[in-house]
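The block underneath contains the structure these notes are about, expressed in structure tokens.
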Ligand SMILES: *Cc1c(COP(=O)(O)O)cnc(C)c1O
């Protein structure tokens, strides 16, 4: 999965361009930068790759989520429907916006169940934020359809799914905005970085302004620019963008290799009756960063995860017991342990997250294991891995 496995001369060359000019800022310094616009070039190339009109780079995926929420006018007191299986950053961004996360059940895609959305609606529901977890997609067509019918904002957290698609359309481009992360363990990395994409020029302008203190970026005198809106600083540096640009140009190669390795491992595992694979609505659009599968029950899943680790099959995640990716272990969130009071705590009818129950999600996640697909494996290592997995599943 992670792009850091394949750093090479391409990344070094891009960073050297920036260091040789000394221009680490993404805006201005036109003469000094000698034609190097790493952030801008990345944005143009990612937008072209995803077939979307606009892209804006941010300092992180979390910053991208915050930027998208702000640009889409999701803020104080608004409710945002989210899944319980995600990296906790999704929830942090909603809370930071002053909005309220409302948890809906997931289905066997391991993503938001479109059928579970209706029952979460209230007068205050403003947005739905599905998360394309572990490189594969939600039933995004049904979710997008629901949002259109109900007049809700759709923001896709595609932080783990860059390059993925559903029926030929890039993940991240189904709603008002989509968000990506390029942190050090993602499919491609900037070191730290993220991006928002949209086909709506107005939302793009709000996003790129918001992520830079509200600057309108008109003219060539930054100090004289106007500030039509308030914002903050979620800028990426040219150094980070440079690393990401080299990585982006390797994306298709990365996806191809992951898909090849995943297919081989999946084929071997399909011979075992106790294995049920995650539902992937469009297998052609899978980024194949993980192979996720379910065992018959919680006991056999926990046991299989333990035995895979013992057999030396590294990179297997039993999320149900993981501190960062599933609601069940987020006691800090459920008890609202924050260093400072949060806006949501001032709401009169705020939900008691400690009482939130998600039995269908628990039942799925209790049975699920995800296996990382690594870029650095040789074909020989993939074969050895398959032998070890067969040994565990047969035993
Ligand atoms: C990584 C990730 C984020 C946050 O991205 P950062 O760049 O680490 O801030 C948000 N959502 C999901 C689903 C992620 O995996």
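Bear in mind these aren't lab numbers, they're just calculated from the coordinates by the rules spelled out. Given the structure is predicted, the values throughout are model-derived calculations rather than measurements. Here the Cβ is made from the backbone with ideal geometry for all residues, glycine too, and neighbour counts use every protein chain on show.
Taking into account only those residues within the range 97-106 that are over 17 Å from residue 135 (Cα atoms) and in contact with a helix residue (DSSP H, G or I) (Cβ under 6 Å, 6 or more places away or on another chain), which is surrounded by the fewest Cβ atoms within 10 Å (Cβ to Cβ)?
Ranking the candidates gives 98 first.
Residues of the range 60-106 being within 12 Å of the ligand (Cβ to nearest atom), closer than 26 Å to residue 318 by Cα and out of contact with any strand residue (DSSP E or B) (no Cβ under 6 Å at 6 or more places or on another chain), which ones?
Within the range 60-106, 62, 87, 88, 89, 92, 93 qualify.
Looking at the range 344-355, which of the residues that are surrounded by 14 or more Cβ atoms within 10 Å (Cβ to Cβ) and touching a helix residue (DSSP H, G or I) at 6+ places or on another chain (Cβ under 9 Å) is nearest to residue 264 (Cα to Cα)?
The residue in question is 353.
For the range 193-227, enumerate the residues that are within 18 Å of residue 156 (Cα to Cα), assigned to a loop (DSSP other than H, G, I, E, B) and away from the ligand (no atom under 16 Å from the Cβ).
199, 200
If residue 51 passes every condition in (1) surrounded by fewer than 20 Cβ atoms within 10 Å (Cβ to Cβ); (2) more than 14 Å from the ligand (Cβ to nearest atom); (3) over 16 Å from residue 195 (Cβ atoms) but one, which one does it miss?
(3)
How many of the residues in the range 107-123 are crowded, with 22+ Cβ neighbours inside 10 Å and either more than 18 Å from residue 290 (Cα to Cα) or free of Cβ contacts under 8 Å to residues at least 40 places away in the same chain (or both)?
4
Restricting the search to the range 320-343, which residues are closer than 20 Å to residue 372 by Cα and out of contact with any helix residue (DSSP H, G or I) (no Cβ under 6 Å at 6 or more places or on another chain)?
321, 322, 324 - these are the residues of the range 320-343 that are closer than 20 Å to residue 372 by Cα and out of contact with any helix residue (DSSP H, G or I) (no Cβ under 6 Å at 6 or more places or on another chain).
What's the number of the condition residue 52 fails, among (1) closer than 30 Å to residue 347 by Cα; (2) in contact with a strand residue (DSSP E or B) (Cβ under 9 Å, 6 or more places away or on another chain)?
Here residue 52 meets the rest and fails (1).
I'd like to verify a number: residues in the range 18-46 that are touching a strand residue (DSSP E or B) at 6+ places or on another chain (Cβ under 8 Å) and crowded, with 16+ Cβ neighbours inside 10 Å, how many?
Count: 6.
Consider residue 129 against the criteria (1) within 11 Å of the ligand (Cβ to nearest atom); (2) closer than 21 Å to residue 49 by Cβ; (3) touching a residue at least 40 places away in the same chain (Cβ under 8 Å): it satisfies all of them except one. Which criterion is unmet?
Every listed condition holds for residue 129 apart from (2).
For residues that are more than 16 Å from the ligand (Cβ to nearest atom) and assigned to a loop (DSSP other than H, G, I, E, B), scanning just the range 146-162, find the one that is farthest from residue 61 (Cα to Cα).
Selected residue: 151.
Listed here are the residues, each with its yes/no results for (1) part of a strand (DSSP E or B); (2) surrounded by fewer than 24 Cβ atoms within 10 Å (Cβ to Cβ); (3) within 12 Å of the ligand (Cβ to nearest atom).
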site: 137; (1), (2), (3): no, no, no
site: 144; (1), (2), (3): no, yes, no
site: 185; (1), (2), (3): no, yes, yes
site: 191; (1), (2), (3): no, yes, yes
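When the residues of the range 172-182 are filtered to those that are within 10 Å of the chain's Cα centre (by Cα) and not in a strand (DSSP E or B), which remaining residue is farthest from the ligand (Cβ to nearest atom)?
This residue is 172.
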